[in-house]
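Accompanying notes for the structure given below.
The values are calculated or read from the model by the stated rules, or taken from the named source; none is laboratory data. Note that the structure is predicted; figures quoted are calculated from it, not measured. Positions of Cβ are generated from backbone atoms using ideal geometry, with glycine treated the same way; all protein chains shown enter the neighbour counts.
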Amino acid sequence: MSESRATFGFKDVDPAEKAGLVRGVFDKVASRYDLMNDLMSGGVHRVWKDMTAARLNPQPGELILDVAGGTGDIARRLARMARGAKTRRGGPDARILVLDYNAEMVAAGVQRGGEPEIVWGVGDAQRLPLKDGAADAYVIGFGIRNVTDIPAALREARRVLKPGGRFLCLEFSKPPAAAVAKVYDAFSFGLIPKIGQLVAGDADSYQYLVESIRRFPDQETFKGMIEAAGFSRAGYTNFTGGVAALHHGWAV
């Protein structure tokens, strides 16, 4: 693909167009996003998010940035864990800033209700509204593949983290076992758009989401991209046979 093009599912589009196209997808699915996550994963996404929050290990007084935070699934987990740590250890409240490019997703999250540690905002992963070295931790769940320029978003994550800050990215990935990959492909392309049509009345948006997963780099390639953005000790843990992976790195 030419560097002057961006991915949108299986299509290559003008980078200037991608953000609007992705916004249109999530405008359509926002009201049913959480329900569809349960149906598409059999609820397993909840376990993946629990493990992500546990790995981030939020502490009292930290500023944690949840980018592409959508309806706040991960942020709520982090808030509860940070509050528990405060009860045990004392200290100031943690602050969790949920940023998402899509206002409809943020509105759906606010409507669900939140924890007192959470602040909501509309923001771009490639242009975060924070000063250099402002955040203690950064997490992005199922969002990095939707940004227009992934390397730019990774560099921006590194910019806003303090030295020693933690970077975590939960994303659908590539099952290394051929048998798992075959079953996963059959389910993804054969059933997920149909579920989207039945539940959300929108097959096309879920077709895009499935295609965007297939266009996303494999685990080792994405690890290299994290390292290229300036993170140290980059690595990943496969979840559910590599259907998803949790990548990590530390700001230096």
| query | Are any residues in the stretch 214-227 part of a helix (DSSP H, G or I) and within 22 Å of residue 157 (Cβ to Cβ), and if so, which ones? | reply | 215, 219, 220, 221, 222, 223, 224, 225, 226, 227
| Out of the residues in the stretch 58-93 that are assigned to a helix (DSSP H, G or I), farther than 26 Å from residue 156 by Cβ and touching a residue at least 24 places away in the same chain (Cβ under 8 Å), which is nearest to the chain's Cα centre (by Cα)? | 80
| query | Taking residue 226, is it at pLDDT below 90 and either in contact with a Leu (Cβ under 8 Å, 6 or more places away or on another chain) or farther than 18 Å from residue 34 by Cβ (or both)? | reply | no
| message | Suppose we keep only residues that are charged (D, E, K, R) and not in a helix (DSSP H, G or I) within the stretch 121-157. Which one would you say is surrounded by the most Cβ atoms within 10 Å (Cβ to Cβ)? | response | 136
| Selected residue (criterion: nearest to the chain's Cα centre (by Cα)) from residues of the stretch 94-104 that are farther than 19 Å from residue 159 by Cβ and surrounded by fewer than 24 Cβ atoms within 10 Å (Cβ to Cβ) | 102
| query | Could you say whether any residue in the stretch 234-241 is surrounded by 16 or more Cβ atoms within 10 Å (Cβ to Cβ) and part of a helix (DSSP H, G or I)? | reply | yes
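Do you know which of the residues in the stretch 31-67 that are small (Gly, Ala, Ser) and at pLDDT 95 or above is farthest from residue 189 (Cα to Cα)? Please lay out each step first, then the result.
Just the residues of the stretch 31-67 that are small (Gly, Ala, Ser), to begin with: 31, 41-43, 53-54, 61.
Next, from what is left, pick out any that are at pLDDT 95 or above: 53-54, 61.
On the way: 53: 29, 54: 31, 61: 44 Å.
Among residues in the stretch 31-67 that are small (Gly, Ala, Ser) and at pLDDT 95 or above, the one farthest from residue 189 (Cα to Cα) is 61.
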| Given (1) modelled with pLDDT of 95 or more; (2) in a helix (DSSP H, G or I), where does residue 211 come up short, assuming only one miss? | (1)
